[in-house]
Amino acid sequence: RLKDSKAKSKVIILMTDGVNNTGLIDPETGFELAKTYGIRIYTIGIGTIGYARFPAQTIYGTPTTVNMEVQIDEPLMRRIATSTGGEYFRATGNNSLKEIYKRIDKLEKTKIEVTSYKHFKDLYLTFALAAGLLFLLELILRYSIFKTFP
């Protein structure tokens, strides 16, 4: 989608541990394509060093957590960032992640205009007609069937 964009600055923020364990495209191929199309990639390495709690299921299907070793491929993420003109960041918690996004926001200052349209449909007419009909019915009934004599 970014390759056809007319924006001055094309940016991807890649937040990962850097380990390629899924997908059809090799990370090397991906960042070479990004470099070809002039897309800058900021990489953010996430995860703790050592072991971390990871959600899993027991053989009976009940949820549990297990300790798993966290692997972070920092050399790959640094290479992706520097070869595309981006920067590598390391996030160790929520606060550091907020600071990283603030820093990226200061680095990228392309303004974009978003045009949004809202479609309004007035529904009062249906209720106004129903109220008018009920009022007319009340008048007819008051002066005909429910007429009270003094």
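Take residues that are among the aliphatic types (A, V, I, L, M) and under 13 Å from Thr16 (Cα atoms) and tell me which of the strands (runs of 3 or more DSSP E) falling wholly in the range 38-93 contain 1 or more.
39-46, 63-70, 88-91
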- [ ] Please tell me if Leu125 is surrounded by fewer than 10 Cβ atoms within 10 Å (Cβ to Cβ), at pLDDT 85 or above and among the hydrophobic types (A, V, I, L, M, F, W, C).
- [x] yes
Open item on the list: As an exercise: evaluate Glu113 against (1) closer than 22 Å to Ile13 by Cβ; (2) touching a residue at least 12 places away in the same chain (Cβ under 8 Å) and give the number of the one condition it does not meet.
Closed with: (2)
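Just checking, does the range 89-102 include any residue being over 30 Å from Thr29 (Cα atoms) and open to solvent by 100 Å² or more (accessible area, probe 1.4 Å)?
Step one: of the range 89-102, the residues over 30 Å from Thr29 (Cα atoms) are 94-95.
Filter once more, keeping what is open to solvent by 100 Å² or more (accessible area, probe 1.4 Å): 94-95.
Among the residues of the range 89-102, at least one is over 30 Å from Thr29 (Cα atoms) and open to solvent by 100 Å² or more (accessible area, probe 1.4 Å), which makes the answer yes.
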Task: Residue pairs meeting the criteria (Cβ under 6 Å; at least 6 apart or on separate chains; first closer than 14 Å to Met15 by Cα, in the range 76-92; second of a type in the set (Val, Ile, Thr) and modelled with pLDDT under 90) - done: Ala91/Ile46
Task: The listed residue being free of Cβ contacts under 8 Å to residues at least 60 places away in the same chain, open to solvent by less than 60 Å² (accessible area, probe 1.4 Å) and in contact with a helix residue (DSSP H, G or I) (Cβ under 6 Å, 6 or more places away or on another chain), out of Gly50, Gly45 - done: Gly45
Task: Candidate set from the range 1-26 (those that are acidic (Asp, Glu) and without any contact (Cβ under 8 Å) to a residue 24 or more places away in the chain); member that is surrounded by the fewest Cβ atoms within 10 Å (Cβ to Cβ) - done: Asp4
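The values are calculated or read from the model by the stated rules, or taken from the named source; none is laboratory data. Computed from a predicted structure; not experimentally measured. Cβ atoms come from the backbone with ideal geometry, glycine included; neighbour counts cover every protein chain shown. All accessible areas refer to the heavy atoms of the entire protein, side chains included, with ligands and DNA or RNA removed. Shrake-Rupley method; radii C 1.70, N 1.55, O 1.52, S 1.80 Å.
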